[in-house]
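Everything on this sheet refers to the single structure shown next.
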Amino acid sequence: MTNTGSRAKPRRLAVFDLDGTLSRADTFGPFVLGLLRRHPARVLRVPLLLLPVIGYVLRLMDRGGLKGAILHVLFAGLSRAEVGQFARQYAQTVVPDRLFPAALAALRKHLADQDHVVLLSASPDLYVPDIGAALGVDETICTQVRWNGEQLDGRLAGLNRRDQEKLRVLEGLKQQHPGLSAIAYGNSRADLPHMFRCEQAVYVNAAPALGRELGERGVQCVNWR
């Protein structure tokens with residue numbers, strides 16, 4: 001968890017998902033591919049991902065386990081300096097070029113309105129805090145990755161910040177900011193548990209049937225391109 005700024009007396013909580021909500025597409029895959037290009041010898045490890053992928057397909061491993069396995073197999077042993085340098089560069093390619101303009105405008109409006117803006121993502125803390133810093137959010141909460149001292153292990157150091165774990169994080173935020181109403185932005189069914197707990201929710205690019213269902217439950221649906 002990181003804080004990238006603070007303002008006195010926030011009006012409300014504004015919680016943004018990253019992948020597919022702020023960003024047009026997934027950010028994890030491009031990060032992995034970019035780090036591989038930076039360390040091309042690591043491409044030789046790609047066949048070793050077959051076992052974790054099979055484990056995920058057979059439901060012997062969840063999304064978090066697969067994410068950690070990818071990072072561990074491909075990048076274990078890289079230094080904090082090596083990963084951090086690339087992560088900072090990568091964040092600058094994401095913000096603003098890979099974000100929905102309307103999403104960026106909404107986030108900036110919340111900042112201008114003195115809301116406490118949180119970037120809450122299941123993507124790893126190897127690069128999400130750098131994206132949060134580039135966006136100027138107040139707080140970044142994302143999936144934590146394990147280190148061995150100054151060398152990357154890559155496996156998860158905690159729970160994957162997804163689904164019910166996002167709900168748990170939101171409950172903690174509400175306790176830290178009592179009396180504040182909350183608005184959440186998301187784009188997948190896994191975001192709905194914490195979105196339904198907020199006073200206002202905005203769902204990005206819902207399929208028509210889901211959009212009708214969510215509209216009946218008071219969720220605002222938007223189309224961002």
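Any read-out appearing in this document is the output of simple, stated calculations on the displayed coordinates, not a laboratory observation. Please read these numbers as outputs of a predicted model, since none were measured by experiment. Heads up, the Cβs are rebuilt from the backbone with ideal geometry, glycines too, and the neighbour counts pull from every protein chain shown.
Against the definition (surrounded by 20 or more Cβ atoms within 10 Å (Cβ to Cβ), part of a strand (DSSP E or B) and not β-branched (Val, Ile, Thr)), how does LEU120 come out, yes or no?
yes
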- Filtering the range 71-94 for residues that are surrounded by fewer than 19 Cβ atoms within 10 Å (Cβ to Cβ) and under 18 Å from the mean Cα position of the chain (by Cα) leaves a count of 5
- Query: Can you tell me how many residues in the range 42-80 are small (Gly, Ala, Ser), in a helix (DSSP H, G or I) and touching a residue at least 60 places away in the same chain (Cβ under 8 Å)?
  - Reply: 4
- Note on the structure: Note on the range 165-180: residues touching a residue at least 12 places away in the same chain (Cβ under 8 Å) and either part of a loop (DSSP other than H, G, I, E, B) or touching a helix residue (DSSP H, G or I) at 6+ places or on another chain (Cβ under 6 Å) (or both) are LYS166, LEU167, LEU170, HIS177, LEU180
- Within the range 123-143, which residues are touching a Leu at 6+ places or on another chain (Cβ under 7 Å) and assigned to a loop (DSSP other than H, G, I, E, B)? GLY136, VAL137
- Task: Look through the range 169-196, keep the residues that are of a type in the set (D, E, K, R) and touching a Lys or Arg at 6+ places or on another chain (Cβ under 9 Å), and return whichever of them is surrounded by the most Cβ atoms within 10 Å (Cβ to Cβ).
- Result: ASP191
